[in-house]
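Engineer: Before I ask anything, here is the structure I am working with.
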Amino acid sequence: LVSMCERAQIPMFSTHESSAFVIDVLRAYLSKHFADRTTMHGVFMDVLGVGVLITGDSGLGKSELGLELISRSHGLVADDAVEFSRIAPNMIEGRCPPLLQNLLEVRGLGLLDIKAIFGETAVRRKMRLKLIVHLVKRGVLDEEVERLPFHFPTEDVLGLPIRKVVIPVAAGRNIAVLLEAAVRNTILQLRGIDTLQEFMERQRQAMSGD
């Protein structure tokens with residue numbers, strides 16, 4: 001059997017494990033190995049257990065926001081370049097390129113080794129992408145962004161729609177608090193709780209006199 005495989009150039013291996021176990025392991029390995037991949041620019045964070053990609057034009061303070069979130073006990077996955085792969089039909093995983101592992105670039109401070117400064121709990125090896133927070137200059141999208149949007153926009157990443165929140169950046173706004181609130185609201189929505197719909201229902205009941 002070995003000689004036949006060698007002549008046909010077919011890989012062969014043996015194991016004492018059960019076939020069901022081997023199939024499960026190989027399926028997981030092959031799905032990740034052959035998964036569709038892309039690299040996106042931004043800061044990828046673990047915020048309250050949710051994988052959040054912070055995007056926006058250069059100079060808006062994405063890395064500074066990441067540093068503040070780290071100081072608030074959240075975790076860094078990757079800065080600047082984030083490698084995403086679709087490891088399942090409804091799952092996208094983000095990692096940091098080995099060259100940038102644990103590093104965060106902040107204007108005026110240079111490269112910071114987050115693991116060395118804040119400890120091992122301040123970095124994550126990988127996270128599943130659940131939310132994109134896009135930073136824009138205040139006034140750029142004022143006419144386009146609804147005050148109370150009924151449907152939050154999404155962004156296509158490797159063929160999968162990812163929830164997206166747009167946060168205007170202006171002096172005096174605590175973007176870290178706003179981002180945390182956006183993550184908490186996303187968690188509620190994933191659990192089936194829609195605050196705006198509940199408010200509209202209250203308004204309807206108040207107008208009907210119920």
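The values are calculated or read from the model by the stated rules, or taken from the named source; none is laboratory data. This structure is a prediction, so every number in the text was calculated from the model and none was measured. Ideal geometry is used to build each Cβ from the backbone, glycine not excepted, and the neighbour counts take in all protein chains shown. Heavy atoms of the whole protein, side chains included, go into the accessibility calculation; ligands, DNA and RNA do not. Shrake-Rupley method; radii C 1.70, N 1.55, O 1.52, S 1.80 Å.
Engineer: Please state which one of GLU68, GLU17, GLU6 is open to solvent by 40 Å² or more (accessible area, probe 1.4 Å), touching a helix residue (DSSP H, G or I) at 6+ places or on another chain (Cβ under 7 Å), acidic (Asp, Glu) and at negative phi.
Structural biologist: Values: GLU17 fails: touching a helix residue (DSSP H, G or I) at 6+ places or on another chain (Cβ under 7 Å); GLU6 fails: touching a helix residue (DSSP H, G or I) at 6+ places or on another chain (Cβ under 7 Å).
Criteria check complete, one pass: GLU68.
Engineer: Across the range 42-54, what is the total count of residues that are open to solvent by less than 20 Å² (accessible area, probe 1.4 Å) and in contact with a helix residue (DSSP H, G or I) (Cβ under 8 Å, 6 or more places away or on another chain)?
Structural biologist: Kept after step one, since they are open to solvent by less than 20 Å² (accessible area, probe 1.4 Å), are these residues of the range 42-54: 42-47, 50-54.
Checking the rest, the ones that are also in contact with a helix residue (DSSP H, G or I) (Cβ under 8 Å, 6 or more places away or on another chain) come to 42-43, 45, 47, 50, 52, 54.
Matching residues across the range 42-54 total 7.
Engineer: All but one of (1) within 19 Å of LEU179 (Cβ to Cβ); (2) open to solvent by less than 20 Å² (accessible area, probe 1.4 Å); (3) within 18 Å of the chain's Cα centre (by Cα) hold for ALA35; state the number of the condition that does not hold.
Structural biologist: (1)
Engineer: For ALA88, are the conditions met, namely being in contact with a helix residue (DSSP H, G or I) (Cβ under 8 Å, 6 or more places away or on another chain) and over 18 Å from ILE187 (Cα atoms)?
Structural biologist: Yes, satisfied.
Engineer: Can I ask one more? Only residues that are touching a residue at least 40 places away in the same chain (Cβ under 8 Å) and out of contact with any Gly (no Cβ under 8 Å at 6 or more places or on another chain): list them for the range 163-186, please.
Structural biologist: Selection gives ALA176, LEU179, GLU180, ALA182, VAL183, ARG184, THR186.
A quick yes/no check of all residues on (1) modelled with pLDDT of 95 or more; (2) open to solvent by 70 Å² or more (accessible area, probe 1.4 Å); (3) within 16 Å of HIS33 (Cα to Cα):
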| position | (1), (2), (3) |
| --- | --- |
| ARG86 | no, no, yes |
| LEU100 | no, no, no |
| ARG107 | no, yes, no |
| THR121 | no, yes, no |
| LYS137 | no, yes, no |
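Engineer: If you take the residues of the range 192-202 that are open to solvent by less than 80 Å² (accessible area, probe 1.4 Å) and of a type outside the set (Val, Ile, Thr), which of them is modelled with the lowest pLDDT?
Structural biologist: Once the filter is applied, the top-ranked residue is LEU196.
Engineer: Quick check, is ALA116 in a strand (DSSP E or B), of a type in the set (Gly, Ala, Ser) and more than 12 Å from the chain's Cα centre (by Cα)?
Structural biologist: In short, no.
Engineer: Looking only at residues that are aliphatic (A, V, I, L, M) and either open to solvent by less than 30 Å² (accessible area, probe 1.4 Å) or touching a helix residue (DSSP H, G or I) at 6+ places or on another chain (Cβ under 7 Å) (or both) in the range 171-187, which one is farthest from LEU135 (Cα to Cα)?
Structural biologist: VAL183
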